[in-house]
Amino acid sequence: MSRKFVYQDDELIEKPFNWKQIGRLFTYVKPYQSAVTRVIFVMTVFGMLARLAIPFLMSMAIDRAIHPEDGDGNVTLLVILVATMLAMYGMRWWAQRYTIQQTNEIGQKVIFDLRAALFKHIQSLSFRFFDKRPAGSVLVRVTNDVNSLQDMFTNGVVNTAIDIFQLIGITIILLVMEPKLGLAIMITVPIMFIASSTLRKKIRMAWQVVRIKQSRINSHLNESIQGIRVTQAFAQEQENIGFFDRMNTSNIRSWNRASALNQLFGPVIEITSAIGTLILLLYGTYLIQSGAMTVGVLVAFITYVGSFWEPITRLGNMYSQLLISMSSAERIFEFMDEKPAVPEKEHALTIPELKGNVKLENVTFGYETDRPALRGINLDVKAGLSVALVGHTGSGKSTIVNLLCRFYDTVEGRVLLDGIDVRDVSIESLRSQIGIVLQDTFIFSGTIRDNIRYGRPGATNAEVEAAARSVKAHDFIANLPNGYDTEVEERGNALSVGQRQLLSFARALLANPRILVLDEATASIDTETELRIQEALATLLQGRTSFIVAHRLSTIRHADCIVVLDHGVIVDQGNHEELMKRPGHYRNLVDAQYRFLSA
Ligand SMILES: Nc1ncnc2c1ncn2[C@@H]1O[C@H](COP(=O)(O)OP(=O)(O)OP(=O)(O)O)[C@@H](O)[C@H]1O
């Protein structure tokens with residue numbers, strides 16, 4: 001069976017319903033506590049007062065103004081009561097409008113804060129976190145999962161409080177007005193509670209499955225878009241479409257299942273309320289006939305009972321909404337709880353301006369515990385020298401620079417910059433002194449100028465241009481339709497590989513780091529561009545300590561020191577001339593390149 005498109009990041013969280021998570025969610029509402037209290041106050045005092053008063057006024061109208069026991073109707077009283085009822089309706093309408101507007105606003109703010117906190121946290125996570133998660137699944141948590149909490153925050157928080165107050169108010173009224181009838185109706189509440197609680201777990205799990213499926217769709221979508229060129233080049237569109245269809249179908253099936261389970265809540269409430277109404281009619285009629293209750297009280301009772309089921313129905317819906325939200329909340333907090341794999345010390349120092357001495361002391365490291373990528377690495381590089389890291393693919397070249405930039409921490413040994421352990425300093429201060437030019441030169445959407453300025457956001461236009469001139473990027477930029485203000489799309493697809501390289505050199509030069517790390521592009525470019533890049537590189541390296549994961553012989557040759565790696569171990573080091581004098585890995589490597597070039 002094909003093992004293509006396997007997205008393993010998400011697992012069903014089988015924990016029971018977690019009240020702690022709810023408490024945690026509510027910490028995001030805390031900053032808006034006073035606004036929430038204001039809304040609850042308005043709705044409880046004005047909205048609920050009106051709601052509770054109307055049936056009472058109605059019963060008064062029937063029993064005292066329309067059909068009093070002791071004589072004719074009282075028109076004046078009827079007019080006063082109707083006018084009061086109208087005023088109550090008006091008050092209720094205003095209170096509702098105020099509540100809706102305010103709750104929407106509060107909800108939006110809470111969602112904004114939550115999304116911002118999640119994004120901020122994700123930015124702080126280390127490479128290790130992203131190594132094991134497809135980008136699409138990260139996207140889904142920041143978008144879909146946060147969105148799914150929106151409803152809960154916009155309607156849920158305030159309405160729940162209001163509904164609970166309303167329920168308490170009506171329960172008291174029912175019990176005071178006609179205790180026996182009130183109690184008879186309350187019998188239905190435990191029935192409803194038992195029936196609905198059995199649904200809980202199923203619903204929560206069902207929504208988690210939906211989220212997982214959505215996450216997989218996003219992962220696949222992301223991968224498909226990023227890899228569309230390869231897909232089309234290998235004519236794999238049909239297979240891709242088929243796979244997406246299957247995922248989509250599976251997603252809709254699980255959505256239907258979760259939604260069907262969710263909809264069972266409604267009937268549970270309806271059946272219980274029907275039982276309640278039946279009790280009310282039968283027992284109420286009996287009470288009227290035996291003279292223990294008036295018609296007006298029964299009418300008021302019927303209206304109150306209607307308002308009794310209303311908050312229960314809404315609380316039921318809110319509960320199922322909460323279940324949906326919980327599966328999202330669990331997924332969001334799972335990310336929030338993820339600690340950076342390269343933690344910063346509590347009182348991490350700000351690294352002083354570096355001279356650029358770099359030392360690796362007995363460094364051992366593996367991405368996975370049982371498979372070391374580097375073993376016993378010792379390297380001492382004096383400030384200002386350039387080091388070319390060479391070796392077969394997978395020999396550990398990129399891993400050395402990953403440790404230098406502290407994208408990962410060593411398992412054993414230390415990385416020292418000017419004698420300071422990289423684990424003792426703040427990550428920001430460390431990386432601000434290291435310039436990194438990756439093989440996959442990432443160009444962000446924006447102008448060319450913005451992209452160069454990424455290395456030092458405060459740089460002036462003149463400084464941006466000077467950097468571009470130094471690395472010989474100015475000419476091609478000047479030839480673009482809007483020069484430095486030309487917009488480039490995401491990833492800079494409209495630029496050639498060489499142009500992207502030059503842009504990233506300008507970016508690094510502008511940042512003016514003491515230490516430069518460069519993963520040389522392997523893509524072959526024409527000789528003219530190659531020459532230009534070599535010249536640019538020479539400018540870039542001047543006066544800095546540099547580590548180059550080198551693939552081009554021209555780069556390697558000019559390096560002050562060449563470090564030869566094999567299976568995670570340094571097997572040789574020296575300059576080109578020294579290494580060429582002795583047989584070994586390096587000479588083999590160079591000979592192989594010559595053979596390749598002359599073939
Ligand atoms: N993110 C990762 N997770 C797990 N293993 C990894 C990861 N990155 C690299 N490795 C493994 O670590 C070893 C060293 O990889 P590294 O990228 O340092 O090699 P390299 O010499 O830079 O190779 P290349 O020249 O192909 O870029 C390889 O066996 C590789 O499979």
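Quick notes on this structure:
- For the condition in a loop (DSSP other than H, G, I, E, B), of a type in the set (Gly, Ala, Ser), modelled with pLDDT of 70 or more and surrounded by fewer than 18 Cβ atoms within 10 Å (Cβ to Cβ), Gly73 qualifies.
- Within segment 336-387, the residues that satisfy the criterion of being within 30 Å of Val138 (Cα to Cα) and acidic (Asp, Glu) are Asp337, Glu338, Glu344, Glu346, Glu368, Asp370.
- Candidate set: segment 147-188, residues that are more than 26 Å from Thr294 (Cα to Cα) and among the charged types (D, E, K, R); chosen: the one modelled with the lowest pLDDT: Asp151
- Single match in Asp9, Asp63 (criterion: more than 19 Å from Ile162 (Cβ to Cβ), at pLDDT below 80 and among the acidic types (Asp, Glu)): Asp9
- Failed item in (1) without any contact (Cβ under 8 Å) to a residue 60 or more places away in the chain; (2) part of a helix (DSSP H, G or I), with Ala235 passing the rest: (2)
- Criterion (in a helix (DSSP H, G or I) and either surrounded by 17 or more Cβ atoms within 10 Å (Cβ to Cβ) or modelled with pLDDT of 80 or more (or both)) met by exactly one of Ile203, Ile191: Ile203
- Residue match in segment 544-556 (condition: within 30 Å of Glu368 (Cα to Cα), assigned to a loop (DSSP other than H, G, I, E, B), more than 16 Å from the ligand (Cβ to nearest atom) and out of contact with any Lys or Arg (no Cβ under 6 Å at 6 or more places or on another chain)): no
- Unmet criterion (only one of (1) surrounded by fewer than 22 Cβ atoms within 10 Å (Cβ to Cβ); (2) away from the ligand (no atom under 13 Å from the Cβ); (3) under 30 Å from Asn144 (Cβ atoms)) for Tyr367: (2)
- Among residues of segment 410-440 being closer than 28 Å to His585 by Cα and of a type in the set (Asp, Glu), the one that is surrounded by the fewest Cβ atoms within 10 Å (Cβ to Cβ) is Asp440.
- Set side by side, the residues Leu354, Leu323, Leu349 differ, and just one is over 23 Å from Gly435 (Cα atoms), away from the ligand (no atom under 16 Å from the Cβ) and not basic (Lys, Arg), which is Leu323.
- Test result for Val142, assigned to a helix (DSSP H, G or I), modelled with pLDDT of 80 or more and surrounded by fewer than 15 Cβ atoms within 10 Å (Cβ to Cβ): no
- Tabulated pairs, segment 388-406, first outside any loop (DSSP other than H, G, I, E, B), second near the ligand (Cβ under 7 Å from one of its atoms) and of a type in the set (Lys, Arg), C-beta under 6 angstrom, 6+ apart or interchain: Leu389/Lys397; Gly391/Lys397
- Lone qualifier among Val569, Val563 - being within 16 Å of the ligand (Cβ to nearest atom), buried (at least 16 other Cβ atoms within 10 Å of the Cβ), among the β-branched types (Val, Ile, Thr) and touching a residue at least 60 places away in the same chain (Cβ under 8 Å): Val563
- Whichever residue in segment 389-423 is charged (D, E, K, R) and touching a strand residue (DSSP E or B) at 6+ places or on another chain (Cβ under 6 Å) and, among such residues, is nearest to the ligand (Cβ to nearest atom): Lys397
- Selection count where residues are of a type outside the set (S, T, N, Q), over 41 Å from the mean Cα position of the chain (by Cα) and closer than 28 Å to Phe41 by Cβ, scope segment 142-185: 8
- Residue selected from segment 370-382 under the condition farther than 14 Å from His567 by Cβ and surrounded by fewer than 16 Cβ atoms within 10 Å (Cβ to Cβ), by the criterion farthest from the ligand (Cβ to nearest atom): Lys382
- One residue alone among Arg133, Arg115 is assigned by TED's automatic domain parsing to the domain that holds Met326, without any contact (Cβ under 8 Å) to a residue 40 or more places away in the chain and buried (at least 16 other Cβ atoms within 10 Å of the Cβ), and that residue is Arg115.
The values are calculated or read from the model by the stated rules, or taken from the named source; none is laboratory data. As the structure is a computational prediction, the values presented were derived from the model and not from experiment. No Cβ is skipped: glycine too gets one built from the backbone with ideal geometry, and neighbour counts run over all protein chains shown.
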